[in-house]
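**Q** I have a structure I would like to understand better, so I am pasting it below and will then ask my questions one at a time.
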Amino acid sequence: MAIRIFIDQGHNPSGYFNSGAEANGLTESEINYQVGLYLQSLLNNDPRFEARVSRPEPNTVLGTDNTTSLAERVRLANAWPADYFISIHANYNPNPAYNGTEVYIYQYGTQSQWLAEQIMYGVTQVTGTRNNGIRENPSLYVLRNTNMPANLVELGYLGNPSDAEKLRNNQYGFAYGIYLGLLRYFGLT
């Protein structure tokens, strides 16, 4: 039976509530959307996986405010039910020196952490972003409320010129890095 991966493309499209960060001519929700589609394609072209995304179309809007948007993403994953949940984001800090990739988990010492470590390794290996580590954050709604191991991946910093260039020009690479991480986690390489 295929391993079911739910890919949450964080935030709603530009022009709607909760559309995420913007910097260097980039919009977080658009990057998340495209990286999610690439990852879905990679997984669905591998017979060992089945993947679904939270935003199948660029104009898909989830919920009517931030709370219901997050709740709908979790509901879709739990109702399927997915085996694993990956939420894709891009980070922002007003200080352009901030750069690198982070993966957030609900709790250390869990399957989520082991998966996060492999995803981090894949992303940084493929894209060359800096490894900022695995971070425990039980307050994040999607990590707290999913019924399966969950990761929230902050691909890179929109405000950092080097990360922004990677996020603009290598969205497939970020997806491929996550895919490699999943293959390593499941021992499929």
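**Q** Out of the stretch 93-106, which residues are surrounded by fewer than 18 Cβ atoms within 10 Å (Cβ to Cβ) and among the hydroxyl-bearing types (Ser, Thr, Tyr)?
**A** Tyr98, the sole residue that qualifies.
**Q** Related question: Does Leu152 satisfy being part of a helix (DSSP H, G or I) and buried (at least 22 other Cβ atoms within 10 Å of the Cβ)?
**A** no
**Q** I'd like to check something: does the stretch 117-126 contain any residue that is surrounded by fewer than 21 Cβ atoms within 10 Å (Cβ to Cβ), at pLDDT 95 or above, more than 16 Å from the chain's Cα centre (by Cα) and assigned to a loop (DSSP other than H, G, I, E, B)?
**A** Looking through the stretch 117-126, none of the residues is surrounded by fewer than 21 Cβ atoms within 10 Å (Cβ to Cβ), at pLDDT 95 or above, more than 16 Å from the chain's Cα centre (by Cα) and assigned to a loop (DSSP other than H, G, I, E, B).
**Q** Report whether or not Ile178 is outside any loop (DSSP other than H, G, I, E, B), at pLDDT 95 or above, buried (at least 21 other Cβ atoms within 10 Å of the Cβ) and of a type outside the set (Phe, Trp, Tyr).
**A** Yes.
**Q** Might you let me know whether the stretch 44-59 holds any residue that is among the β-branched types (Val, Ile, Thr), without any contact (Cβ under 8 Å) to a residue 60 or more places away in the chain and either surrounded by fewer than 19 Cβ atoms within 10 Å (Cβ to Cβ) or touching a strand residue (DSSP E or B) at 6+ places or on another chain (Cβ under 8 Å) (or both)? Reasoning before the result, please.
**A** First, the residues of the stretch 44-59 that are among the β-branched types (Val, Ile, Thr): 53.
Remaining after also requiring without any contact (Cβ under 8 Å) to a residue 60 or more places away in the chain: 53.
Applying the additional criterion that residues be either surrounded by fewer than 19 Cβ atoms within 10 Å (Cβ to Cβ) or touching a strand residue (DSSP E or B) at 6+ places or on another chain (Cβ under 8 Å) (or both) yields 53.
Yes, the conditions are met somewhere in the stretch 44-59.
**Q** Taking the condition of a type outside the set (A, V, I, L, M), over 20 Å from Arg144 (Cα atoms) and surrounded by 14 or more Cβ atoms within 10 Å (Cβ to Cβ), does Ser41 pass?
**A** The answer is yes for Ser41.
**Q** So, one more: Among Thr146, Thr110, Thr124, which is among the polar types (S, T, N, Q) and closer than 24 Å to Ser19 by Cβ?
**A** Just a single option satisfies the conditions, and that option is Thr146.
The values are calculated or read from the model by the stated rules, or taken from the named source; none is laboratory data. Remember, it's a predicted structure, so these values are computed and weren't measured experimentally. Virtual Cβ from ideal backbone geometry, glycine too; neighbours counted across all protein chains shown.
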